[in-house]
1. Please give the number of the condition Ala144 fails out of (1) surrounded by fewer than 24 Cβ atoms within 10 Å (Cβ to Cβ); (2) outside the structural domain of Ile16 (by TED's automatic domain parsing); (3) at negative phi; (4) more than 15 Å from the chain's Cα centre (by Cα).
2. Say whether the condition of being at negative phi and assigned to a helix (DSSP H, G or I) is met by at least one residue in segment 68-91.
3. Scan segment 51-65 residue by residue and report those that are touching a residue at least 12 places away in the same chain (Cβ under 8 Å), out of contact with any strand residue (DSSP E or B) (no Cβ under 7 Å at 6 or more places or on another chain) and not aliphatic (A, V, I, L, M).
4. For segment 130-183, which positions are touching a helix residue (DSSP H, G or I) at 6+ places or on another chain (Cβ under 8 Å), in a helix (DSSP H, G or I) and modelled with pLDDT of 90 or more?
5. Can you tell me which condition Ala208 does not meet? The list is (1) over 30 Å from Val97 (Cβ atoms); (2) not assigned by TED's automatic domain parsing to the domain that holds Ser54, and all the others hold.
6. Of the residues Ile215, Ile235, Ile264, only one is part of a loop (DSSP other than H, G, I, E, B) and in contact with a helix residue (DSSP H, G or I) (Cβ under 6 Å, 6 or more places away or on another chain); which?
7. Quick one: Phe119 ticks every box in (1) crowded, with 17+ Cβ neighbours inside 10 Å; (2) within 21 Å of the chain's Cα centre (by Cα); (3) closer than 28 Å to Glu37 by Cα bar one, so which box is it?
Amino acid sequence: MHFTLGFSPCPNDTFIFDALVNQKIDTEGFSFDTQLEDVQTLNDWAKSDRLNISKISYGVLPLVQNNYNLLSSGGALGKGVGPLLISKKALSHLTAVDEMIIAIPGINTTAHLLFSLAFPNAKNKKFLVFHEIENAVLNGDADAGVIIHENRFTYQDKGLIKLMDLGAYWEEKLDCPIPLGGIIMQNKFDQSIQLKIESLIKQSVEYAFQHYPQITDYVRSHAQEMSESVMRQHIDLYVNNYSIDLGAEGRKAVNTLLEVYQKINDH
């Protein structure tokens with residue numbers, strides 16, 4: 001049986017799916033046509049029901065639940081891993097953010113949701129691909145930006161400063177891990193097939209952990225010009241026990257996010 005599968009080229013995703021898509025584990029007759037794209041593209045594709053299985057930002061989950069089910073394996077939840085709000089200069093008070101132009105990595109991203117929770121009155125938003133945000137702030141195209149992924153590790157090198165850790169704000173306010181990205185599968189497939197895919201992704205993550213901290217050629221080939229230390233930072237930050245299985249705590253965090261989304265959009 002053949003499936004279309006989408007995830008990002010970031011080290012955390014390629015680390016998770018390497019064993020599955022390159023058949024380092026027994027895929028039991030299942031094969032995959034992989035599409036590696038940035039998460040906002042995957043979010044848009046999910047809204048149009050394009051792929052059988054896909055990584056998404058949890059911020060888009062409320063919009064795709066008619067066609068997709070959330071799988072328990074392969075996603076990214078955690079503590080201390082949330083997006084950061086950065087700028088070129090410090091602010092005397094964070095209320096100034098409401099009047100600033102803020103660069104955000106996609107309208108349906110979890111980063112946007114967490115920013116909206118912290119700054120519900122900020123309306124001047126510019127939606128960009130995540131790797132464009134640092135330069136937008138440096139060039140003055142935006143007053144501040146919400147950064148994710150490897151930019152968490154590079155912004156200080158470029159002279160940028162942190163205004164707020166949006167993930168820490170979430171954790172303090174809601175007392176649960178941050179649901180960043182999840183894996184969804186079209187609900188047109190029988191539940192037995194969905195459970196099998198979930199199991200295979202779990203095995204793929206477990207295989208990757210068994211061979212870590214080795215960085216495979218597959219992970220390295222998609223990581224652009226990242227050093228191995230940054231690749232490992234990426235993996236260490238975003239791949240954990242929740243990636244193997246959400247569990248009760250992970251599911252509770254996802255439900256909390258869905259409630260927050262509803263409140264923000266009823267606002």
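1. (1)
2. no
3. Gly59, Pro62, listed by residue number.
4. Ile133, Glu134, Leu138, Tyr155, Lys158, Leu166, Gly167, Tyr169, Trp170, Lys173, Leu174
5. Every condition holds for Ala208 apart from (2).
6. Of the residues listed, the single one that is part of a loop (DSSP other than H, G, I, E, B) and in contact with a helix residue (DSSP H, G or I) (Cβ under 6 Å, 6 or more places away or on another chain) is Ile215.
7. Failed condition: (3).
The values are calculated or read from the model by the stated rules, or taken from the named source; none is laboratory data. What you are looking at is a predicted structure, and each value in this text was computed from that prediction instead of being measured. Backbone-built Cβ (ideal geometry, glycine too); neighbour counts: all protein chains shown.
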